[in-house]
Amino acid sequence: MIINISDVWAAAVNDHATFLEQAIEDGLAKLGSSIVEGQVAKFIAENRRIIVYGQSAELADCIQSFLTAFSGPLLRACAVEKMKLVFDYSSFSEKSARAWTAYDLCSRARYKVCCYCHMIETGTCLPDEEIKGYRPPIDHYYGKADYPFLALSLYNFIPCCEKCNGPQMKGQIDFSVTPHLNPLLDEESIDFSLGPIAAAADKLAEFASLTLPKDQYKLEVSAVKNLNSSSASIKTFQLRHRYGTYSERAYYLAKRVRGLASRRRFHDDELDFKIELEEHLEFKPDEYKGVPYGKARVCVARQFGRDLLP
Ligand SMILES: [Zn+2]
């Protein structure tokens, strides 16, 4: 992930909890009286608060409780099948006349850019009689096939782009086994900088003054904290290659910001510089989460105009 979206569902918490409480009631009524079904009902009762209201960190504890309660592969497979009856994601995800669907949820998302790549917009348009509507895919941070009791949990939902959610990137990778950054929990720890390509690595003075040809600059992606999870996220979401194609735009941004920074040394009208910086960035610096490539642009602006940004 590039951006932390821990408050992405702030406007949806109550409505989603009401929906999920009812879904659990309806689902439990579908369970029979077999031993496995009894164990499933007991597990849900004991973990209900976490399933409905739990924040990201608690969901990992819930997974451990599940693995302990259903320890053999056969028992676990039976439990998974029964839990899928209770936590029915496919009916939630469809367009329907029901009061609360994935479309309603996504329309309340605070951020409308994919948090994993921060390149692609993920807006929602509610369907009605006239239009089909659309919404972003919802990635289950902890996969619903393995952990169906988290299939409808709000803090297991990551709105993202199709590419990041697809088989060529996240696909079936189990994030509870191979740690990656959790956009609902972890602090941002992937940064960007403009660097020289290998062939220009010894021309540092020309590089810094932005006088090399533009094709000798490359937008680099690096893990700065939480190194294992950050590196895994960079690799899984193929961020180095994907951001490489943004190098030229990053180079032109660097040129404009550097020009602004050098002019500032001779003037001191703070307000003018603030407005001009916003124009170059195309957003206010502290609103970077809501703009595709916003984090990368802020990082490059800071690199070439240190005094202009906090
Ligand atoms: Zn993405």
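Each reported figure results from applying straightforward, stated rules to the coordinates on display, with no laboratory input. Nothing here was measured: the structure is a model prediction, and the numbers come from that model. Note that each Cβ is placed from the backbone with ideal geometry, even for glycine, and that neighbours are counted across all protein chains shown.
What the table below lists for this structure:
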read-out	value
Cross-link pairs beyond the 26 Å C-alpha cut-off, checked among LYS203/LYS274; LYS170/LYS225; LYS30/LYS170; LYS82/LYS235; LYS163/LYS255	LYS203/LYS274; LYS30/LYS170; LYS82/LYS235; LYS163/LYS255
Of the GluC sites (Glu not before Pro) in the stretch 132-226, those whose Cβ has at most 15 other Cβ within 10 Å and which sit in DSSP loop	GLU187
Whole-number D in µm² s⁻¹ for the stretch 190-308, Kirkwood Cα-pair radius fed into Stokes-Einstein, 25 °C, 0.890 mPa s	162
The chain - charge dipole about Cα centre, Lys and Arg +1 at Cβ, Asp and Glu -1, debye rounded to 20	780
Helix 56-69 vs. the chain, principal-axis angle (Cα, 0 to 90°, nearest 10)	40
Using alpha-carbon coordinates, inclination of helix 13-30 to the longest axis of the chain, degrees	30
The stretch 190-308, relative contact order [Cα under 8 Å, separation at least 6], %	30
Reciprocal of mean inverse Cα separation for the chain (Kirkwood radius, Å)	21.7
Where trypsin sites (Lys or Arg not before Pro) fall in DSSP loop in the stretch 188-259, at most 15 other Cβ within 10 Å	LYS203, LYS225
Alpha carbon centroid spacing (whole Å) that separates the stretch 275-310 from the stretch 1-22	28
Using alpha-carbon coordinates, inclination of helix 35-53 to the longest axis of the chain, degrees	40
Binned Cα-Cα distance frequencies in the stretch 70-153 - 10 Å width, integer %	16, 38, 29, 14, 3, 0
Relative contact order (percent, whole number), the chain, Cα cutoff 8 Å, 6+ residue spacing	19
The stretch 22-129 - Rg and Dmax from Cα coordinates, angstrom	16.9, 49
Selected from SER96, SER33, SER189 as most flexible by GNM, with the chain as the system and alpha-carbon contacts under 10 Å	SER33
Rounded to whole Å, sorted largest first: equivalent-ellipsoid semi-axes of the stretch 97-232, Cα gyration tensor	37, 20, 12
